[in-house]
Structure formats: C-alpha cells, structure tokens
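Q: Sending over a structure as structure tokens; questions will come in a sec.
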C-alpha cells in the first residue's frame, strides 16, 4: 500500500500519542476532521496500525531487569520451530522473540523483577525445551527503548 506524506505524518503522530483526538490530528496534518478520520480508518483496515496499546513503566511495575537470551539449537526444521515458538510464546516474561542469522539462532528479551526471577524463568524454560546453548546477557542500564518506527 503506498503512503503519501499525510499518511506518514498521521502514522508518526499516532505512534507517538494514540490518545490524540481526530480534531487534533486533522489540525496537525492540515485536513478537516472527516477526511482525517477516513485516512486513519483506512490505515487501520490496511493492517499498518496493528493495535492500540498503553506503554507501561516496567520499573514501577517491578519488572526492571532486561535479559537478552541468545540461543543455539541443533534443530532446524519447521516442526521444531513451530513447537519452539509455541513454548517461547507461552512464557509471559518473554517480551521479544527473534529468529536470527549469524552465530546464534534465536534472541529473546526477557523482562523480570530481578536475577532470582530470571533464574526461575531459566529453569522452567530449559525444562520445557531442548537447546544446544543458552547465553544470558543482563542489561545494566536502558539508554533507549522505543516502539516508534522512524520515517
């Protein structure tokens, strides 16, 4: 789907603050309310706007420990991947999950309260699956974390 400059401006505004009213969005992109509302509806129907969420403060909610888990496996077939994906997705602590190219096969970002909570996660995780190597890296400080796609 091709996007014009107004679509991209709307997307940029929406991803920064979904609570902005249609009136405010329209004013900022130079449209009237109805055409702006139609464009937003079209962007939602196209799937480019996948969902509307609230971003929560993980530190306030006592989930301030980010662990990046690199995984190597000896299995590289579709059935194993489908099963592994289901297992990984069943752990709420896993907030990001990627299949990688390079030295490691998978990368997880795990968000937990503290190191003992990660140890508990790790024990449950390795019990649930079969892996060749697991390397855990603990983030010392979060310097940038955004959900915004740059335009």
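Throughout, read-outs are computed from the coordinates displayed, never taken from laboratory work. If you're wondering where the values come from, they're calculated on a predicted model, not measured in any experiment. Methodologically, a virtual Cβ is constructed for each residue, glycine included, from the backbone with ideal geometry; neighbour enumeration extends over all protein chains shown.
Q: Go through (1) surrounded by 13 or more Cβ atoms within 10 Å (Cβ to Cβ); (2) outside any strand (DSSP E or B) one by one and return the number of the condition residue 95 breaks.
A: Here residue 95 clears every test but (2).
Q: For the stretch 5-60, enumerate the residues that are without any contact (Cβ under 8 Å) to a residue 12 or more places away in the chain and more than 26 Å from the chain's Cα centre (by Cα).
A: Hits for the stretch 5-60 are 23, 24, 26, 27, 32, 33, 34, 35, 38.
Q: So for the stretch 139-146 (the condition being in contact with a helix residue (DSSP H, G or I) (Cβ under 9 Å, 6 or more places away or on another chain), surrounded by 13 or more Cβ atoms within 10 Å (Cβ to Cβ) and touching a residue at least 40 places away in the same chain (Cβ under 8 Å)), does at least one residue qualify?
A: The answer is no, given that none of the residues of the stretch 139-146 is in contact with a helix residue (DSSP H, G or I) (Cβ under 9 Å, 6 or more places away or on another chain), surrounded by 13 or more Cβ atoms within 10 Å (Cβ to Cβ) and touching a residue at least 40 places away in the same chain (Cβ under 8 Å).
Q: Can you pull out the residues in the stretch 1-25 that are surrounded by fewer than 12 Cβ atoms within 10 Å (Cβ to Cβ) and within 16 Å of residue 45 (Cα to Cα)?
A: Result: 1, 2.
Q: Also, I was wondering about something else. Can you tell me which residue in the stretch 54-89 is surrounded by the most Cβ atoms within 10 Å (Cβ to Cβ), limited to those that are assigned to a loop (DSSP other than H, G, I, E, B) and in contact with a helix residue (DSSP H, G or I) (Cβ under 8 Å, 6 or more places away or on another chain)?
A: Ranking the qualifying residues of the stretch 54-89, first place goes to 73.
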